[in-house]
Each structure stands twice: as C-alpha cells, then as structure tokens.
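Inspection log for the structure reproduced underneath, given as structure tokens.
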C-alpha cells in the first residue's frame with residue numbers, strides 16, 4: 001500500500017502565531033499551491049482512500065482530491081490550549097522556554113503534549129494499515145506528520161522535529177508485509 005502524507009498549503013497568519021487546532025484561513029495563493037501539490041501525486045482512483053484533518057486548511061485540499069474524504073479528528077494538529085491564536089512572542093518567556101525544553105511531555109495550559117499527539121497517531125496508524133486499499137492519501141499538519149513518522153520509524157518523539165515538513169509538501173511511505181518503507185520525504 002502506498003501512503004501519501006500531505007501537509008496543507010500556506011496559511012494567512014502572521015509569522016510566529018501559535019495556531020495548532022485553530023481554524024485559520026489559507027493564503028490567497030491556495031489554488032496555485034494546490035495545483036502544485038496535485039502535480040506531485042498520482043491521479044486518485046475509485047478505490048483509493050483520502051483522509052483529512054477536519055480543519056479547513058486541510059479539508060479544502062482534501063476535497064480537491066476526493067468527494068469522499070474521510071475526516072478524522074485524530075489528524076488535528078497538536079492542541080496549544082490557551083496559547084491558540086497567540087503570538088509566541090507574547091507568551092511569558094519563562095513558560096515558553098520551559099515548554100520548549102519539555103514539549104514531549106509538557107502541554108501548554110489546557111492543551112496537549114506532543115506525546116499525546118504521538119498516541120493519537122499510533123492509533124490512527126494501526127487503523128490505516130488494516131485497510132485494504134492500494135493507495136491512501138492523508139492531508140494533515142506538520143506536527144501530525146512528524147508524530148506519525150516518529151511512530152512508524154520508532155524514533156523518540158524528541159527527534160521528530162528533525163523532519164522538515166514544508167507547506168504543501170508530500171511524503172510517501174510504502175507499507176508491505178508488516179513493514180513500512182520511506183520512499184521520499186518533503187517533496
């Protein structure tokens with residue numbers, strides 16, 4: 001089974017804004033960026049499955065791929081809780097520093113830790129590999145892609161941020177005989 005992980009396109013948010021599970025707008029060049037992504041992907045076939053985060057920055061792209069997108073809340077970005085829609089520069093520096101040094105196990109106030117996101121991805125992955133489909137397309141967020149890659153490759157979650165995940169990037173995995181191969185990252 002071929003599995004394509006696709007990050008949503010550029011958002012229309014100020015640089016440095018914390019917006020994990022907030023439903024923010026996409027940049028004005030969304031359609032151009034979406035066309036570029038579609039060029040990187042094989043044409044969707046009737047038996048392919050398309051999954052997406054329900055947030056509009058993912059669902060708009062997923063709906064261009066398929067009229068039968070499966071929206072799964074496990075594909076939401078990490079929840080930043082009270083820090084949602086707050087500029088990182090406006091967060092108390094000592095709190096931000098403590099969180100960045102412990103982000104795997106420490107959640108922002110009323111949010112979730114990266115380890116909880118990794119648990120969501122482990123659950124999602126187990127469901128995906130049970131599917132009988134030749135190709136699966138997953139439209140989601142950078143943190144989700146990193147957590148999923150860490151889960152699949154059995155890496156410590158702290159190493160997940162070594163993966164570069166650009167806006168509009170495509171990452172291809174191949175699952176066969178109970179083993180996952182990384183075909184390419186960040187195309």
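The values are calculated or read from the model by the stated rules, or taken from the named source; none is laboratory data. Please read these numbers as outputs of a predicted model, since none were measured by experiment. Note: ideal-geometry Cβ built from the backbone for every residue, glycine included; neighbour counts use all protein chains shown.
Hey, any hits in the range 174-184 for a residue that's assigned to a loop (DSSP other than H, G, I, E, B) and under 16 Å from the mean Cα position of the chain (by Cα)?
No, that holds for no residue.
Would a scan of the range 84-100 turn up a residue that is out of contact with any strand residue (DSSP E or B) (no Cβ under 7 Å at 6 or more places or on another chain) and under 17 Å from residue 136 (Cβ atoms)?
no
Residue 88 - would you say it is in contact with a helix residue (DSSP H, G or I) (Cβ under 8 Å, 6 or more places away or on another chain), closer than 24 Å to residue 149 by Cβ, in contact (Cβ under 8 Å) with a residue 60 or more places away in the chain and surrounded by fewer than 16 Cβ atoms within 10 Å (Cβ to Cβ)? Lay out the reasoning, then the answer.
Working: in contact with a helix residue (DSSP H, G or I) (Cβ under 8 Å, 6 or more places away or on another chain): yes; closer than 24 Å to residue 149 by Cβ: yes; in contact (Cβ under 8 Å) with a residue 60 or more places away in the chain: yes; surrounded by fewer than 16 Cβ atoms within 10 Å (Cβ to Cβ): yes.
So residue 88 passes the test.
Would you check if there is a residue in the range 29-40 being in contact with a strand residue (DSSP E or B) (Cβ under 7 Å, 6 or more places away or on another chain) and at pLDDT 95 or above? Even if it seems obvious, please write down each step before you answer.
Here is the first cut: in the range 29-40, the residues in contact with a strand residue (DSSP E or B) (Cβ under 7 Å, 6 or more places away or on another chain) are 37, 40.
Those still in the list that are at pLDDT 95 or above too: 37, 40.
Yes, the range 29-40 contains a residue that is in contact with a strand residue (DSSP E or B) (Cβ under 7 Å, 6 or more places away or on another chain) and at pLDDT 95 or above.
If a residue has to be assigned to a loop (DSSP other than H, G, I, E, B), surrounded by 15 or more Cβ atoms within 10 Å (Cβ to Cβ) and free of Cβ contacts under 8 Å to residues at least 60 places away in the same chain to count, how many in the range 157-172 make the cut?
Of the range 157-172, the ones assigned to a loop (DSSP other than H, G, I, E, B) are 163-169.
If we keep only those that are surrounded by 15 or more Cβ atoms within 10 Å (Cβ to Cβ) too, we end up with 163, 165, 167-169.
Next, only the ones that are free of Cβ contacts under 8 Å to residues at least 60 places away in the same chain stay: 163.
Of the residues in the range 157-172, 1 are assigned to a loop (DSSP other than H, G, I, E, B), surrounded by 15 or more Cβ atoms within 10 Å (Cβ to Cβ) and free of Cβ contacts under 8 Å to residues at least 60 places away in the same chain.
For the range 22-59, which residues satisfy the criterion of being in a helix (DSSP H, G or I), within 25 Å of residue 127 (Cβ to Cβ) and without any contact (Cβ under 8 Å) to a residue 40 or more places away in the chain?
Within the range 22-59, 56 is the sole residue that qualifies.
Can residue 123 be described as within 23 Å of residue 48 (Cα to Cα), in a helix (DSSP H, G or I) and in contact with a helix residue (DSSP H, G or I) (Cβ under 8 Å, 6 or more places away or on another chain)? Quick ask: steps written out before the conclusion?
Details: within 23 Å of residue 48 (Cα to Cα): yes; in a helix (DSSP H, G or I): yes; in contact with a helix residue (DSSP H, G or I) (Cβ under 8 Å, 6 or more places away or on another chain): yes.
Answer is yes for this residue.
Could you tell me which residue of the range 130-155 is surrounded by the fewest Cβ atoms within 10 Å (Cβ to Cβ), considering only residues that are part of a loop (DSSP other than H, G, I, E, B) and touching a residue at least 40 places away in the same chain (Cβ under 8 Å)? Steps first, answer last, please.
Narrowing the range 130-155 to residues part of a loop (DSSP other than H, G, I, E, B): 130-134, 141, 153-155.
Next, from what is left, pick out any that are touching a residue at least 40 places away in the same chain (Cβ under 8 Å): 131, 133-134, 141.
Working: 131: 13, 133: 14, 134: 11, 141: 23.
Among residues in the range 130-155 that are part of a loop (DSSP other than H, G, I, E, B) and touching a residue at least 40 places away in the same chain (Cβ under 8 Å), the one surrounded by the fewest Cβ atoms within 10 Å (Cβ to Cβ) is 134.
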